[in-house]
Amino acid sequence: MSATLPKTMVRGGLLASRPGLDWVFILGPLTLALGLAAMASLSPAMLLAIVLIDVWLFANPHLVATYTRIGFRAADLRREWFLIFCLPALVLVGVVVTALAYEIAGLITLYFIAQTYHVARQSFGISRAYRRAESTNPALPSRPFHPDRLTEALIYLFPAWGLLARCADAPQSFLGYPIQLPAVPVPLVNVMGVAALACLLWWAQRQCRAALAGTGHWRHDAFVASHLLVVFIAFVGTRDITIGWLVINIWHNVQYLLFVWAQNIRRDSPAQSVQPSLIAVVAADGLWKKAAKYLGLCLALGAALYLAAQWAGAQLLWLGLPTVLIAHFTLNFHHYLVDGVIWKRRRPWLIRWLAPGGSSGER
C-alpha cells in the first residue's frame, strides 16, 4: 500500500471508505446461508420456516434491489423504458408458453437451471468488480484491468459440475413441485468434476504465488473461494435438492442486496453524480441510516410485489394454468434478464436499437 494512501482507503475493496465492508460482504452471506440451511435440515417444519424467511426477508428484497439500480428518476424511466415496460410482457409470453408445453414440471425445471446460471453470472460480475476496483483506485499505481480467464472459467466450471451432478441424482420433486431435470450419465459428471478440481488447483497455486510475491488481492480471492465453497456444498455436498437450493439461494440473495447497496453508494456519491436520486438522498444520512432505509425500501416494495403477483395469479386460476407460479416466475425471469443488461458497459444490440439515447453502463 502506498505511503500516501489514507488508512481508511481499501485496496480493491467495494467501498474505499469502509474497510470492514468486504469482511461483511464475503463472510456474512456465507455464514448466514450455511447456518440457516443447517437449521432447515433439522425437520420439515423448520425447512418451511427457513424457506419463508428466505422469501420474505431476502428473495423479494433482492428482486427489488435490481430496480433501485436502475433508479427512480424520470431520466431512468426514459432510458430503460424497454426493460421496464416491454420486457415483462415478452417474459410473460415465454413463461405461459413453457407452462402450456411442459406444465408445472417444465416451469420448475426452467427456474432451477436459469437460477444456477444467474448465480454464476452474479459471481462472475462481482469478481470483475473487485479486479476493476483494484485497477481504477486513483490512490494506487496504475494497474490496467485485464479479464482473468482462469478465474472466470473456474467460476463457471463449478456451477456446471454442480448442475450436472444434480441432474444425475434425478430428483423427482423440488419445493414440493415436480421437477424433470435432463438425464445425465455419472461418467460425464465425473469428467466435469475432474476438470473443475484441476482448474481449482491451477488457480490456487497461481494465487498463492501472487500472495507470496506481494501482488495478491485477498478480497477478490476470498470472494471467489466463497463462491466455490457455496456451489460445491449446494450441488455436490448436499443430497437434498431443496436444502442445496436453500444454501445457494440465501447466499445469492443476501450478497446481491449488499452489493447493490455498495454500488448505489458509489454511483450516487457527490463525486460521481450531480443529479440526486432516491438512493442519493439517503446518502446524506449516516451509513447505517442509509442501510436501514435501503433495506426498508427493498422489504416494503418486495412484499408488495410478491403479494400483487400472488393476487393476480389467484384471480386467473380459472384458466386452468398454474397462474400463481407463472406470475412469480415472470418476475424472477424478468429480473434475471434486466440484471444481465444493467451491469454491462454496453447494451445488447437490440436494446441499443430500441433505446438509442441511453447507455446502461456499469454505474
Using a 10 Å cut-off around each Cβ, can you sort TYR111, TYR306, TYR102 from fewest to most neighbouring Cβ atoms? TYR102, TYR306, TYR111
Would you mind classifying segment 89-129 by shape? Square roots of the alpha carbon gyration tensor eigenvalues, ordered a ≥ b ≥ c; an a/c under 1.5 is rounded, otherwise it is prolate if a/b is larger than b/c and oblate if not. oblate
For q = 0.09, 0.16, 0.18 Å⁻¹, what log10 I(q)/I(0) does segment 114-263 give under the Debye formula with an equal point scatterer on each alpha carbon and no solvent? -0.33, -0.91, -1.10
Sort ARG132, ARG166, ARG266, ARG239 so that the residue with the fewest other Cβ atoms within 10 Å of its own Cβ comes first and the one with the most comes last. ARG239, ARG132, ARG266, ARG166
Modelling each spin label as a point 7 Å along the Cα-to-Cβ direction, I'd like the ALA114/LEU42 distance in nm, to one decimal. 3.5 nm
Per the rule of 0.36 nm per residue minus the C-alpha distance, extending LEU319 to LEU197 adds in nm 39.1 nm
Arranged from highest to lowest average of other beta-carbon atoms within 10 Å per residue, in what order do the peptides 213-220, 224-231 appear? 224-231, 213-220
Applying 1/(1 + (r/R0)^6) with R0 = 25 Å to the Cβ-Cβ distance of VAL93 and ALA303, what FRET efficiency is obtained, to the nearest 0.05? 0.40
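Quick note: the coordinates plus some simple rules give every number you see, no bench work behind them. If you're wondering where the values come from, they're calculated on a predicted model, not measured in any experiment. Cβ: placed from backbone, ideal geometry, glycine included. Neighbour counts: every protein chain shown.
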